[in-house]
1. Looking at the range 137-195 only, could you name the residues that are touching a His at 6+ places or on another chain (Cβ under 9 Å) and among the aromatic types (Phe, Trp, Tyr)?
2. Between a residue in the range 48-67 that is open to solvent by 40 Å² or more (accessible area, probe 1.4 Å) and any residue that is at pLDDT below 90 and of a type in the set (Asp, Glu), which pairs come within a Cβ distance under 6 Å, given they are 6 or more apart or on different chains?
3. What tally of residues in the range 36-68 results from selecting those that are of a type outside the set (Phe, Trp, Tyr) and assigned to a loop (DSSP other than H, G, I, E, B)?
4. Just checking, does the range 101-109 include any residue being touching a Phe, Trp or Tyr at 6+ places or on another chain (Cβ under 9 Å) and open to solvent by less than 30 Å² (accessible area, probe 1.4 Å)?
5. Hey, does the range 14-23 have a residue that's touching a Lys or Arg at 6+ places or on another chain (Cβ under 8 Å), modelled with pLDDT of 95 or more, of a type outside the set (A, V, I, L, M, F, W, C) and within 30 Å of GLU120 (Cα to Cα)?
6. For the range 70-97, which residues satisfy the criterion of being open to solvent by 60 Å² or more (accessible area, probe 1.4 Å) and under 20 Å from ARG3 (Cβ atoms)?
7. For LYS187, all conditions in the list (1) on the phi < 0 side of the Ramachandran plot; (2) surrounded by 11 or more Cβ atoms within 10 Å (Cβ to Cβ) hold save one; what is the number of the exception?
8. Does ASN33 satisfy the condition of being open to solvent by less than 10 Å² (accessible area, probe 1.4 Å) and assigned to a loop (DSSP other than H, G, I, E, B)?
Amino acid sequence: MARYGMVIDTKRCVGCNACSVNCKMTNNLPDTNWWTRVLTEGGDEIDTPAGIFPDVSMRYITVSCQHCDNPACTKVCPVGATYKDPETGVVRQDYDKCIGCRMCMAACPYTGVRSFNWEEPAYSLDHAVGDADVPKHQKHVVEKCTFCYQRLARGEEPACMELCPARARHFGDLDDPESEVSQLIAKRSYEQLLASEGTKPSVYYLV
């Protein structure tokens, strides 16, 4: 068994959105859906600095599902559509089981990491892109980052890792003390989003 997690170096992240774009392409996301978003501490608009001119600063925080070790979403799903995979620790979503009640969205403390498809998913292109084995997106279901589970099954890393030009993203087994991610959080100061909620997120932000 493993507990996969991600470590993101906020000192290296340049806010280029390459992770967001590769995630969207690889997982053939509908036009309105983004599983990974690049936020700043200054506000909700893109590239908003913190502070008041001329004393401003910019820090990028890439946010997606935190794949919590103690996920709130799995406890409230009445049909088991959202669940933690026992082999990897990845919090997954079964579109075929989902009944669209959105209880998982209400329970999750991380606003905006899940999307609900109110209508039949729409695409700008007339053909699918990305991995052929990505589950088909469906109307009236919830979806979110899966750590590219289809790629993990092939022994590959999540798509967001591939295009990061600053090499700010690291992925691996948090339960392995010799893994790169474990070594990084052992040596560097880090933050976790809403750690006080007790969800034990598997995404760490180096500061």
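The values are calculated or read from the model by the stated rules, or taken from the named source; none is laboratory data. Note that this is a predicted model, so its numbers are computed, not measured. A quick note on method: Cβ atoms are made from the backbone with ideal geometry, for glycine too, and the neighbour counts reach across all protein chains shown. The protein model used for the area step is the full one, side chains on, heavy atoms only, and it has no ligands, DNA or RNA in it. Shrake-Rupley method; radii C 1.70, N 1.55, O 1.52, S 1.80 Å.
1. PHE147 - this is the single residue of the range 137-195 that is touching a His at 6+ places or on another chain (Cβ under 9 Å) and among the aromatic types (Phe, Trp, Tyr).
2. Once the first residue is open to solvent by 40 Å² or more (accessible area, probe 1.4 Å) and sits in the range 48-67, its partners that are at pLDDT below 90 and of a type in the set (Asp, Glu) give ARG59/GLU41.
3. The qualifying residues number 17.
4. No, every residue in the range 101-109 fails to be touching a Phe, Trp or Tyr at 6+ places or on another chain (Cβ under 9 Å) and open to solvent by less than 30 Å² (accessible area, probe 1.4 Å).
5. Our first condition is that a residue be touching a Lys or Arg at 6+ places or on another chain (Cβ under 8 Å); within the range 14-23, this holds for 19-20.
Adding the requirement that they be modelled with pLDDT of 95 or more leaves 19-20.
From what is left, the residues that are of a type outside the set (A, V, I, L, M, F, W, C) are 20.
So of that shortlist, the ones also within 30 Å of GLU120 (Cα to Cα) come out as 20.
The answer is yes; a qualifying residue exists.
6. LYS75, TYR83, LYS84, PRO86, GLU87, ARG92
7. (2)
8. On the way: open to solvent by less than 10 Å² (accessible area, probe 1.4 Å): yes; assigned to a loop (DSSP other than H, G, I, E, B): yes.
Judged against the criteria, ASN33 is a match.
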